[in-house]
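What follows is a single structure, written as structure tokens, with notes after it.
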Amino acid sequence: MESPPGRTSFESLRERGARGARAPRTRSECPPPVGIEVPRPLGYVPAPVSLLSAVLLGIVQAATEFLPVSSTAHLLVFGELLGHDLADARFRAFATIIQSGTTLAVLVYFRREIGALVHAGVRSIVRGRPLETADSRLAWFIVLGTLPAAVFGKLLERRIEALGNWVIAVSLVVLGLVLLAAERLARHARSVEDVGAADALVIGFGQALALVPGSSRSGTTLTAGMLLGLRREAAARFSFLLSVPIILGAGAYKLWKTVPVLRGEPAWATATVVGTVVSALAGYLVIGWLLGWLRTRTTYLFVAWRILAGVVVAALILGGVLPARETPPMLAPATAQAVRAP
């Protein structure tokens, strides 16, 4: 939204956040789904989208989707601070579609492992021996680990959408401390090949916990894996492989729901393409960097990052820059969006 003459964008954000934080919203006042027009006061002018903004948000999406620090929180904060209105269906569509870039990055980076797992899984069905080989076992354990997020995502979808920005701030800090405990207490001895059915289910419940905004899917699954004794890199690798069914389902559903919003909006469509390409390229690099980092270093960097991000979000809420009770539906965790289609 453009600021009136003589007022800074920061001041207008403070005012908008204060209006949103004055009282709890009724169901009818919550941000509408993508594709439904949001009533605006006379003279309202949405914030223009720029290619620079698209590039910056693409990088933010790529970095925070895979690092255990919550992409939801960072897209929320950076979107607001770049002047975009989170009630604008076009911005929500943009923020949703660019996640397809990081999905593509995972599929390309792990293409060999994914191909081997799919082949082994299909072959095990044909032979009637689902646990015959290490690859077939891992394939079916990934399926097993996907179930908790799918079930809880469907059951808790509406409640998840109602959670506000205070939940994001608290989740960032609390789960950062849990990650710290996992780092200090874990044995860091097991590999991906050691993952069993019980391990997959526990890590799957960790993935379901990421339905809570601010949790970070990679953060909760990495934490669960380390608590089970997996080495940091092994926990991250299994986390990436476990994410594939969820992000594929989420990606297909989100594209189907949001692409029509950008029809007749050439500037937003162009920015979305740019943001998606940037998130794919940067995401590929981030995956390699993260695995290399966890191979030889601890997760203390991400613990500090999460706590600092939680404090920043809380400060922005208290300062009126971010509304306390506004979480746009299209920025809800991808895990929940994967199970919304009827």
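Where a number appears in this text, it was derived from the coordinates with a stated rule and is not lab data. From a predicted model like this one, the values you see are computed outputs, not experimental measurements. Every residue, glycine among them, receives a Cβ derived from its backbone with ideal geometry; neighbour counts consider all protein chains shown.
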Worksheet, complete the sentence: Once amide hydrogens are built 1.01 Å from N within the peptide plane, the residues lying 5 or more places from ARG190 or on another chain with amide H under 5 Å from its amide H are LEU230, ARG231
Item to complete: Give me the number: length gained by fully extending TRP289 to LEU51, i.e. 0.36 nm times residue separation minus the C-alpha to C-alpha distance, one decimal in nm.
Response: 83.1 nm
Worksheet entry | Extension gain from SER191 to VAL122, taking 0.36 nm per residue of separation minus the Cα-Cα distance | 22.5 nm
Worksheet, complete the sentence: Dimensionless Rg/Rh of the range 50-337, both radii on Cα and Rh by Kirkwood, sits at 0.97
Fill in: Point-to-point label distance, VAL273-GLU132, nm (Cα→Cβ direction, 7 Å offset)
4.6 nm
Worksheet item: Exactly which trypsin sites (Lys or Arg not before Pro) in the range 192-265 are in a DSSP loop and have at most 10 other Cβ atoms within 10 Å?
Response: ARG263
Worksheet item: If you put +1 on each Lys and Arg Cβ and -1 on each Asp and Glu Cβ, how big is the dipole of the range 50-337 around its Cα centre, in Debye rounded to 20?
Response: 540 debye
Practice prompt. Choose one of LEU285, ILE307, HIS74: the residue whose Cα lies farthest towards the positive end of the charge dipole of the range 50-337 (beta-carbon charges +1 Lys, Arg; -1 Asp, Glu; about the Cα centre).
Written response: LEU285
Worksheet item: Between LEU301 and VAL151, what is the label-to-label distance in nm when each label sits 7 Å out along the Cα-to-Cβ direction?
Response: 3.7 nm
Fill in: Per DSSP, loop trypsin sites (Lys or Arg not before Pro) in the range 115-189 with at most 12 further Cβ within 10 Å
ARG187
Item to complete: Arrange the peptides 271-281, 191-201, 305-315 so that the one whose residues have, on average, the most other Cβ atoms within 10 Å appears first.
Response: 271-281, 305-315, 191-201
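Between ALA181 and TRP256, what's the calculated FRET efficiency when r is the beta-carbon distance and R0 is 41 Å? Round to 0.05.
With R0 = 41 Å, the Cβ-Cβ based efficiency is 0.55.
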Worksheet, complete the sentence: In order over the range 263-274: 3J(HN,Hα) from phi, Karplus 6.51/-1.76/1.60, θ = phi - 60°, whole Hz, x for each Gly or Pro, gives 5, x, 10, x, 5, 5, 5, 5, 4, 5, 4, 4
Discussion item. Report the Rg/Rh value for the range 135-278, based on alpha-carbon coordinates and the Kirkwood definition of Rh.
Written reply: 1.04
Worksheet entry | Per-residue ³J(HN,Hα) for the range 127-143, Karplus 6.51 cos²θ - 1.76 cosθ + 1.60, θ = phi - 60°, Hz, x for Gly and Pro | 7, x, 10, x, 10, 5, 10, 4, 5, 5, 4, 4, 4, 6, 5, 5, 4
